[in-house]
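Notes for the one structure printed next.
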Amino acid sequence: NRGPSTRSIYLGLACLSLALHLLLAVFCLSVLQTTCVLPTSSSSSIPRTDSRHNESVSHTASSSTASSSDKLPERTQNKEHRRLTANTLHHEADDTLREVTEKAKEPTGAAKTIQKVKGESKLEALFEHPLYNLPGPELQPDDWLLRLKNDEDIKDAESYDDMDWTSDVETYPPWLRFHLGISRWELYNRKDPNLAQLTHYLATQRILGAVQKTGGTQLKLLISFPNHGQALLKPMKQSRDTETDVNLFYFSDFERHNAEISAFHLDRLLGFNRIPPVVGRLMNVTADIREKTTDHKVSRTFFTSPAGNVCFYGQCEYYCSTEHPVCGRPHLLEVSLAAILPDLSLAPRRSWRSPWRRSYSRTKLAQWEKNPNYCDSVKQTPPYSQGTRLVDLIDMAVLDFLMSNMDRHHYETFEKFGNETFLLHLDNGRAFGRHSQDEPSILAPLQQCCRIRRSTLLRLRLLALPDFRLSDVMRESLAQDPLADAAPLLSEAHLSALDRRLAAVLQVVHTCQEKHTDVIHDDLDRYDQDIGGKFNS
Ligand SMILES: Nc1ncnc2c1ncn2[C@@H]1O[C@H](COP(=O)(O)OP(=O)(O)OP(=O)(O)O)[C@@H](O)[C@H]1O
Ligand SMILES: [Mn+2]
């Protein structure tokens, strides 16, 4: 008899459960709508402020793994891995990105000072000059190193199909926006507001880790920050003004943190934009390195010096010993931090041996030192026989002569761009070693080939004028670095050496022009109206 009543109870319960499920579903839908739906602008184009970049460009999401760094074996970017890194980035992005961007908007102390003297600023005047505002070639999609996917790509590109790039480009951390801004012709756009945010990020972010960076001969660390940001650290090893010992060969010279910082500023002042942004920072050796490192090569070399300073030396080929320690005072240490380039697995680079490489021997001379017609053979050898490679190399020689860097044995390019691209000016640690002496042999490419880009020559002439004097704009530019608060990054002696060397470069060009008619590589024929007849060459 209990059959029908039990059945009705079961029926009632089933109805109740159904109703509850329905209620739950409705609730879930409404909640998801408000919290889980991400902006639909996943493929949003980045409107670029600079006229050079005024087309709308969308970048591929492949840059997501840029953060994954050296730990990954090259070319192991399978789909699973890419999805993982993209997702991780987004999770971290949510809570820390806003903080970073907010902080980055505050100008540093030095930047504020510069703003005050607006109107008298030679640096501002320089960057307002038409020679620093030439519209570059119009950029095609292939002219970006990394691209986010745009609608077209979504339709046809299988390789990106599992990417989950849903957040707004504006919320990407500065290092990622730096990567997305690398083009065929320059590493960064001087007017990109992200540049200041990137240096601020490197100078202020909490340090999460420090390991020794492999490759090269002297000690350097790979620093990691929140949001997968990384930097290449070079420590201060000697006082800023110590001149390189005259009996030390160029290949035995110490690397200088202030040389890395100054080289970035100089390269930017020359209008090249070919050095990754570098910023100075006062770090705590104990809290930021000793307590953070997971690298035994580093941690086991820490000690306290007789003076009570915390020191370490790491493991490397040159100067990694108790006799050459890196020491805090007692904990504080000045370092340079360079923005890290996109990971090699995403943006492979090619390393080129410089035709004017030194012999790196105490006794041997290189070919270019023995043969005055050396350039004739270089001019006939690819890639120097075509395009702009030779004048690019000469630009680099001018930069190196100005800062007296004799250590340019190699240079790198991004493989993606083939031979039609700028040259990366990495590793400037051995520059600015001596101010009392110049090294004319660094100018051998210019002097032997008698060729120079017109835009480079015109900028050099501009920097020789009192209104834009190189030493003055360099002093002003370096004052923006956080370490300038402690002491100038380059002494006055180094700054005036720049003016002296600039005059020497112009003299070499002048001598060339007396002997040859094809000295100028005219890259400005399209802009002659813009720059006027003021600078005839
Ligand atoms: N900003 C950067 N981002 C990514 N990789 C970099 C960066 N700067 C340098 N590297 C890479 O690290 C390598 C070593 O750096 P660097 O040349 O500065 O060290 P080094 O000890 O001075 O080398 P060497 O002794 O060969 O002159 C470089 O060859 C380059 O490929
Ligand atoms: Mn080096």
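Overview of values
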item	result
Check on Gly418, under 20 Å from Ser262 (Cα atoms) and either within 15 Å of ligand 1 (Cβ to nearest atom) or free of Cβ contacts under 8 Å to residues at least 40 places away in the same chain (or both)	no
Selection within segment 228-239 - more than 13 Å from the chain's Cα centre (by Cα), part of a loop (DSSP other than H, G, I, E, B) and modelled with pLDDT of 95 or more	Met236
Where Leu187 falls short, out of the listed (1) open to solvent by 10 Å² or more (accessible area, probe 1.4 Å); (2) within 21 Å of Asp427 (Cβ to Cβ); (3) in a loop (DSSP other than H, G, I, E, B)	(1)
Selection count where residues are farther than 16 Å from Cys316 by Cβ, in contact (Cβ under 8 Å) with a residue 60 or more places away in the chain and among the polar types (S, T, N, Q), scope segment 225-252	3
Residue in segment 206-213 that is part of a strand (DSSP E or B), closer than 26 Å to His296 by Cβ and polar (S, T, N, Q) present	yes
Qualifying position, being open to solvent by less than 40 Å² (accessible area, probe 1.4 Å) and within 16 Å of ligand 2 (Cβ to nearest atom), among Ser351, Ser336, Ser361	Ser336
Residue tally, condition surrounded by fewer than 17 Cβ atoms within 10 Å (Cβ to Cβ) and of a type outside the set (Phe, Trp, Tyr), over segment 300-323	11
Residue list for segment 268-287, restricted to those being within 16 Å of ligand 2 (Cβ to nearest atom) and under 19 Å from Leu123 (Cβ atoms)	Ile275, Val278
Test: Thr242 is within 16 Å of ligand 2 (Cβ to nearest atom) and either in contact with a Lys or Arg (Cβ under 6 Å, 6 or more places away or on another chain) or part of a loop (DSSP other than H, G, I, E, B) (or both)	no
Residues that are closer than 27 Å to Leu426 by Cβ, more than 16 Å from ligand 2 (Cβ to nearest atom) and small (Gly, Ala, Ser), drawn from segment 300-327	Ser321
Leading residue by the ranking (modelled with the lowest pLDDT) among those in segment 456-512 that are in contact with an Asp or Glu (Cβ under 8 Å, 6 or more places away or on another chain), assigned to a loop (DSSP other than H, G, I, E, B) and open to solvent by 30 Å² or more (accessible area, probe 1.4 Å)	Ala486
Condition check for Thr293: among the hydroxyl-bearing types (Ser, Thr, Tyr), open to solvent by less than 40 Å² (accessible area, probe 1.4 Å) and at pLDDT 95 or above	yes
Any hit, segment 246-253, residues being in a loop (DSSP other than H, G, I, E, B), at pLDDT 95 or above, within 16 Å of ligand 2 (Cβ to nearest atom) and open to solvent by less than 30 Å² (accessible area, probe 1.4 Å)	no
Exclusive hit being within 16 Å of ligand 2 (Cβ to nearest atom) and within 29 Å of Leu208 (Cα to Cα), set His296, His265, His257	His257
Any chance Leu465 is touching a residue at least 24 places away in the same chain (Cβ under 8 Å) and more than 16 Å from ligand 2 (Cβ to nearest atom)	no
Residues satisfying the stated conditions in segment 214-223, i.e. surrounded by 20 or more Cβ atoms within 10 Å (Cβ to Cβ) and more than 10 Å from ligand 2 (Cβ to nearest atom)	Leu219, Leu221, Ile223
Meets criteria (under 22 Å from the mean Cα position of the chain (by Cα) and loosely packed, with under 13 Cβ neighbours inside 10 Å) for Ser385	no
Segment 396-422, residues that are within 28 Å of Arg469 (Cβ to Cβ) and under 18 Å from the mean Cα position of the chain (by Cα)	Met396, Leu399, Asp400, Arg408, Phe422
Selection within segment 394-413 - more than 13 Å from ligand 1 (Cβ to nearest atom) and over 20 Å from Ala259 (Cα atoms)	Ile394
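Residue-by-condition table, conditions (1) part of a loop (DSSP other than H, G, I, E, B); (2) under 18 Å from Ile452 (Cα atoms):
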| residue | (1), (2) |
| --- | --- |
| Ser377 | no, yes |
| Met396 | no, yes |
| Arg408 | yes, no |
| Phe422 | yes, yes |
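The values are calculated or read from the model by the stated rules, or taken from the named source; none is laboratory data. Everything quoted here is computed from the prediction, not taken from an experiment. FYI the Cβ positions are ideal-geometry reconstructions off the backbone, even for glycines, and counts take in every protein chain you see. Keep in mind that these areas ignore ligands, DNA and RNA; they rest on the heavy atoms of the full protein, side chains included. Shrake-Rupley method; radii C 1.70, N 1.55, O 1.52, S 1.80 Å.
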